[in-house]
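The values are calculated or read from the model by the stated rules, or taken from the named source; none is laboratory data. Small disclaimer: the values here were computed from a predicted structure and weren't measured. Because the Cβ atoms are built from the backbone with ideal geometry, glycine has one as well, and the counts that use them run over all protein chains shown. Just so you know, the surface numbers come from the protein's heavy atoms only, side chains and all, with ligands and any DNA or RNA stripped out. Shrake-Rupley method; radii C 1.70, N 1.55, O 1.52, S 1.80 Å.
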Amino acid sequence: MSRITIKVKYFASLRERLGRAEDRLEVEEQASVGALWERVRGGVASDVGAPGAAGPPPGAILATVNLEYARAERLLRAGDEVAFFPPVTGG
Amino acid sequence: MSVRLLDASFDPWAELAATAARLPVGRCGACAAFVGSMRDYNAGREVESLELEHYPDMTRRHLERLIEEARRRWEFEAALILHRVGRVTVGDPIVLVAVWAVHRAPAFAASRSLMEELKRSAPFWKKEFGPDGNAWVTPGGPAPQAPSTHHTG
């Protein structure tokens with residue numbers, strides 16, 4: 001399996017907890033968003049969840065790939081931009 | 001259709017008037033607008049200001065997508081979403097959502113849905129600053145469902 005480079009961004013409380021806003025990482029081609037989270041989570045207990053009809057599961061971490069929400073099973077390709085962040089609180 | 005992210009205070013009423021002035025005279029019998037402003041308390045804590053973080057590449061595009069999706073469900077002439085980013089102080093407007101339509105039903109329904117979707121999924125995060133220190137806001141319980149039929153609340 002070849003390796004690919006991806007960009008990973010972190011926002012809000014997760015960015016503060018990890019102590020960085022961004023990573024550029026090499027991962028196995030076809031690695032999943034969930035596998036990437038395992039690698040970067042650094043002791044953060046929350047799992048990756050999607051924003052469901054009633055909002056995300058409490059404490060979940062949301063993931064996006066190329067600016068769109070993605071599930072943990074989503075597979076990564078070279079050049080993807082992934083972001084991890086806590087449930088949103090705008091409005 | 002218009003989405004703007006603003007890093008300074010804005011006047012939602014002036015923004016509504018400016019958009020209304022650009023619409024064809026007499027076309028829209030209805031405009032439904034929601035303005036959300038910053039309170040001086042949250043979850044029992046006194047709050048003096050907020051820092052609103054967003055995901056610059058994604059947030060605008062996500063809000064534009066919400067308007068496109070609303071367009072497929074309801075017929076309306078124009079929609080406006082303005083949202084603050086950066087430092088917000090007590091009393092400042094944070095968000096304006098407005099929809100202009102021929103009749104009130106789609107104006108109410110689309111504006112309500114846009115606002116609830118924004119709260120549920122748009123990438124913004126609030127950090128509160130007050131006399132007791134600072135803390136990230138967490139979503140307070142399940143979001144209310146947007147009503148799918150007429151509802152005057």
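Listing for the model above:
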{"read-out": "Size descriptor, Kirkwood hydrodynamic radius, that averages inverse alpha-carbon separations across segment B:2-135, Å", "value": "15.6"}
{"read-out": "Probe 1.4 Å, protein heavy atoms only - accessible area per residue of the protein assembly as shown in square angstrom", "value": "50"}
{"read-out": "Loss of accessible area when B meets A, both sides summed, Å² nearest 100, probe 1.4 Å", "value": "2300"}
{"read-out": "For chain A, calculated [θ]222 nm from helices alone, where every DSSP H run of n ≥ 4 adds -39500 (n - 2.57)", "value": "-4500 deg cm²/dmol"}
{"read-out": "Theoretical ellipticity at 222 nm over chain B - DSSP helices of four or more residues, -39500 (n - 2.57) apiece, nearest 500", "value": "-10000 deg cm²/dmol"}
{"read-out": "1.4 Å probe, heavy atoms, protein only - residues of segment A:59-91 losing at least 40 Å² accessible area vs chain alone", "value": "A:Leu67, A:Glu68, A:Tyr69, A:Val88, A:Thr89, A:Gly90, A:Gly91"}
{"read-out": "Cut-off 14 Å between beta-carbons: net charge of the residues surrounding B:Gly44, Lys and Arg +1, Asp and Glu -1", "value": "-2"}
{"read-out": "Low-density loop positions, GluC sites (Glu not before Pro), segment A:1-85 - DSSP coil, at most 10 other Cβ in 10 Å", "value": "A:Glu73"}
{"read-out": "Gaussian network model of chain B, Cα within-10 Å springs - most flexible of B:Pro131, B:Pro56, B:Pro93", "value": "B:Pro131"}
{"read-out": "Amide H contacts of B:Ser49 (H built 1.01 Å from N, under 5 Å, at least 5 apart or other chain)", "value": "B:Phe129"}
{"read-out": "Qualifying aspartates and glutamates (Cα of each under 14 Å from Cα of B:Lys127; at least 8 residues distant if same chain)", "value": "A:Glu16, B:Asp40, B:Glu46, B:Glu48, B:Glu51, B:Glu53"}
{"read-out": "Choice from B:Leu96, B:Leu23, B:Leu52 showing the highest fluctuation, given a GNM over chain B with Cα pairs closer than 10 Å", "value": "B:Leu23"}
{"read-out": "Dipole moment magnitude, nearest 20 debye, chain B about Cα centre, only Lys, Arg, Asp, Glu C-beta charged", "value": "540"}
{"read-out": "For the protein assembly as shown: Kirkwood Rh in Å [reciprocal of mean 1/r, alpha carbons]", "value": "19.3"}
{"read-out": "Candidates A:Ala31, A:Ala45, A:Ala72: whichever shows maximal mean-square fluctuation once chain A is modelled as a Gaussian network with Cα springs under 10 Å", "value": "A:Ala45"}
{"read-out": "Antiparallel bridge percentage (DSSP; both residues within segment B:2-135; nearest 5)", "value": "85"}
{"read-out": "Nearest-20 debye value, segment A:3-85 charge dipole, Cβ charges on Lys, Arg, Asp, Glu", "value": "180"}
{"read-out": "Carbon + sulfur, % of accessible area of the protein assembly as shown - ligands and nucleic acids excluded, 1.4 Å", "value": "49"}
{"read-out": "Whole-Hz couplings from phi, Karplus 6.51/-1.76/1.60, listed for segment A:12-26; x for Gly and Pro", "value": "6, 4, 5, 4, 5, 5, 7, x, 7, 9, 7, 10, 10, 10, 9"}
